[in-house]
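A short write-up of the structure that comes next.
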Amino acid sequence: MAGKDAATNELLVKKHAGPGDLLLHAEIPGAPFVLIKAGGREVPESTLEEAAQVAIAYSRAWKYGLGHAAAICFKPEQAKKVGPHGEKLPKGAFYIVGKKEYIRKVKPLLAIGARISGGKAELLIGPVGAVRSASDAYVLVGPGDEDAREVVLKAVRALEAKLGPLDVSKSELERLRALIPYGRGRLAPGRG
């Protein structure tokens, strides 16, 4: 799960994160908190990388067109609402105490994929590893200056070139468009 704004970040950390879970956040401001509901179980490295990719893709790293950024991983009990000098932090902001794990050089990339089931196509968008493993074909999307609608249309055309006609509804196209960070991007090199 990932926050969408200050209010949902606050809810995610305070209400949904529990003992044994993990939280991730981009090392730069203006990013969602991402929650891994681990419940104390060991979290695979691939899951950490995918969660970090979500944190980075939906951060200002995308908006600024950065090639990569770092994410921090920590336990929910490390997130405090009071800063180091006693200052109360605004909604959605937390001060992280104690040791943090860094996941460095995370590329702000997402994947749009298509999975064919029973003759119908289901479109997916998310971290590259998760979409790659759940799709019959996928394309990469990264930061750029193209309008999200155009990016989604290009992605669907590229997927149709591999899989044939997908018969995607306008509402499905709109759902994907809304999930492109900052409403702008571009197809990135590399496909599956």
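The values are calculated or read from the model by the stated rules, or taken from the named source; none is laboratory data. In this text, all values refer to a predicted model and were calculated from it rather than measured experimentally. Positions of Cβ are backbone-derived with ideal geometry, glycine not excepted, and every protein chain shown enters the neighbour counts. Remember, those area values only see protein heavy atoms, side chains included, never the ligands or the DNA or RNA. Shrake-Rupley method; radii C 1.70, N 1.55, O 1.52, S 1.80 Å.
Side notes on the structure shown:
- Residue in segment 39-55 that is among the polar types (S, T, N, Q), surrounded by 13 or more Cβ atoms within 10 Å (Cβ to Cβ) and in contact with a helix residue (DSSP H, G or I) (Cβ under 8 Å, 6 or more places away or on another chain) present: yes
- Matching residues in segment 156-192 - criterion: being part of a loop (DSSP other than H, G, I, E, B) and of a type in the set (S, T, N, Q): S169
- Among the candidates R149, R157, R184, residue that is modelled with pLDDT of 95 or more and within 21 Å of Q53 (Cα to Cα): R184
- Within segment 109-124, being within 12 Å of the chain's Cα centre (by Cα) and either at pLDDT below 95 or open to solvent by 30 Å² or more (accessible area, probe 1.4 Å) (or both) holds for one residue alone: L109.
- Number of the condition not met by G83 [criteria: (1) in contact with a Lys or Arg (Cβ under 9 Å, 6 or more places away or on another chain); (2) open to solvent by less than 30 Å² (accessible area, probe 1.4 Å)]: (1)
- Candidate set: segment 128-181, residues that are among the hydroxyl-bearing types (S, T, Y) and surrounded by fewer than 16 Cβ atoms within 10 Å (Cβ to Cβ); chosen: the one nearest to the chain's Cα centre (by Cα): S133
- Residue in segment 4-26 that is more than 24 Å from R177 (Cβ to Cβ), touching an Asp or Glu at 6+ places or on another chain (Cβ under 7 Å) and surrounded by fewer than 19 Cβ atoms within 10 Å (Cβ to Cβ) present: no
- Where S46 falls short, out of the listed (1) in contact (Cβ under 8 Å) with a residue 24 or more places away in the chain; (2) touching a strand residue (DSSP E or B) at 6+ places or on another chain (Cβ under 9 Å): (2)
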